[in-house]
Amino acid sequence: VRVLVTGAAGFVGSHLVPALAARGATPLATDRDELDTTDAEALDARLAHERPDAVVHLAAVSSVVAAAREPALAFRVNFLGAQALLAAVARRAPRARVLLVGSGECYGALPEGAPPADERTPLRPRSSYAHTKAAADLLGAAWAARGLDVVRVRAFSHTGPGQPDAFVLSGFARQLVEIEKGLSEPILRAGNLDSIRDFLDVRDVVEAYAALLDPRAPAAAYNVASGVGLRVGQLLERLMQRIGVRAEVRVEAARWRPADRSIGDARRLRAATGWAPRIALEQTLASLADDWRRRLSAS
Ligand code: A2R
């Protein structure tokens, strides 16, 4: 199976490409320099040339903060990029399965006491990032209704080795390892620690994506989630214990967003593919710490 991956040089792509190869697939990895997904002609030519069996669309403005800073760019890449990709697939590889990678953020904040969001939960996106991803999800549904084999993934938070420090747990791990190495004062800068998040290890997430490429999994929307919500502050506490450093936590206005609650129900994914997360949170936190120790010694 030949799988074209957009945004393959990013965080998830760098885990997905080897995972696909390990399963015996042939990943056709493209990064932004060789395939700009906002360039409809380039996409069309690439699809015509490769005629892949499947496409995993990762290319995106992937951070909530970056999308808030430049919403028009985020729409161009996340929504118009998805449109250009789906149109090119429809023309050039109409039987290919397309995994449109979206976000659990498209459900917005779960009310206190509400169960984890399943795929029938209404989309109530609250940030520019979530708006672009919810719009791309609806667009994917429209193309599916016209007969394209589109799987809409709604991935909740994920982390692991290689993640940029703009993402919360990776940013905490970097700061704590800097303190451990004596590179900075024992002060940890954070945003709102009261948000509830559902975290998976990126290595479990890419296994879910690989499983969803199996044509026996019905084309639909799928949450990729652990089903467990934890306070960001509690995650930070566990990371401090894991790394073995204490720091004074300073909540900074620039990082602060109102607290919200995001937890996903992935029973549909489990039923369709047999997927289950394998990596315990403690192992993810340990990998993040080791990765930052490596990255900071290299630099
Ligand atoms: O912005 P860069 O230079 O880091 O490149 C990113 C790339 N990208 C693009 N690729 C092609 N054409 C574009 N117009 C374009 N704009 C950005 O997509 C980056 O290499 C990749 C996305 O990777 P990350 O930012 O590391 O995101 P991550 O965490 O791997 O997330 C993958 C997907 C995204 O759709 C997220 O929104 C979703 O999972 O959660």
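The values are calculated or read from the model by the stated rules, or taken from the named source; none is laboratory data. Predicted, not measured: the structure shown is a model, and the values here were computed from it. Counting neighbours? That spans all protein chains shown, and the Cβs are built from the backbone with ideal geometry, glycine included. Just so you know, the surface numbers come from the protein's heavy atoms only, side chains and all, with ligands and any DNA or RNA stripped out. Shrake-Rupley method; radii C 1.70, N 1.55, O 1.52, S 1.80 Å.
Within segment 21-73, how many residues turn out to be more than 14 Å from the ligand (Cβ to nearest atom), hydrophobic (A, V, I, L, M, F, W, C) and assigned to a loop (DSSP other than H, G, I, E, B)? Qualifying residue count for the region: 1. When we screen 88, 136 for residues that are crowded, with 21+ Cβ neighbours inside 10 Å, hydrophobic (A, V, I, L, M, F, W, C) and either within 19 Å of residue 66 (Cβ to Cβ) or within 19 Å of the chain's Cα centre (by Cα) (or both), the only hit is 136.
Of all the residues in segment 246-299, those that are over 28 Å from residue 126 (Cβ atoms), acidic (Asp, Glu) and in contact with a Lys or Arg (Cβ under 6 Å, 6 or more places away or on another chain) number 0.
Taken over segment 275-290, the criterion of being out of contact with any helix residue (DSSP H, G or I) (no Cβ under 7 Å at 6 or more places or on another chain) and either hydrophobic (A, V, I, L, M, F, W, C) or modelled with pLDDT under 95 (or both) is satisfied by 280, 281.
Evaluate segment 108-130: report whether one residue or more is surrounded by 22 or more Cβ atoms within 10 Å (Cβ to Cβ) and out of contact with any helix residue (DSSP H, G or I) (no Cβ under 8 Å at 6 or more places or on another chain). Yes: one or more hits. Across segment 165-210, the qualifying residues are those that are in contact with a Gly (Cβ under 8 Å, 6 or more places away or on another chain), within 16 Å of the ligand (Cβ to nearest atom) and part of a helix (DSSP H, G or I), and the one among them that is farthest from residue 234 (Cα to Cα) is 203.
Conditions (1) open to solvent by 10 Å² or more (accessible area, probe 1.4 Å); (2) of a type in the set (Ser, Thr, Tyr); (3) closer than 18 Å to residue 206 by Cα, marked per residue:
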| residue | (1), (2), (3) |
| --- | --- |
| 20 | no, no, yes |
| 28 | yes, no, yes |
| 39 | yes, no, no |
| 46 | yes, no, no |
| 60 | yes, no, yes |
| 74 | no, no, no |
| 77 | yes, no, no |
| 101 | yes, no, yes |
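For segment 81-129, the set of residues classified as in contact with a strand residue (DSSP E or B) (Cβ under 6 Å, 6 or more places away or on another chain), away from the ligand (no atom under 13 Å from the Cβ), of a type outside the set (Phe, Trp, Tyr) and part of a helix (DSSP H, G or I) consists of 89 only.
Residue 208 meets each of the listed conditions (1) under 14 Å from the mean Cα position of the chain (by Cα); (2) open to solvent by less than 60 Å² (accessible area, probe 1.4 Å); (3) under 14 Å from residue 159 (Cα atoms) apart from (3).
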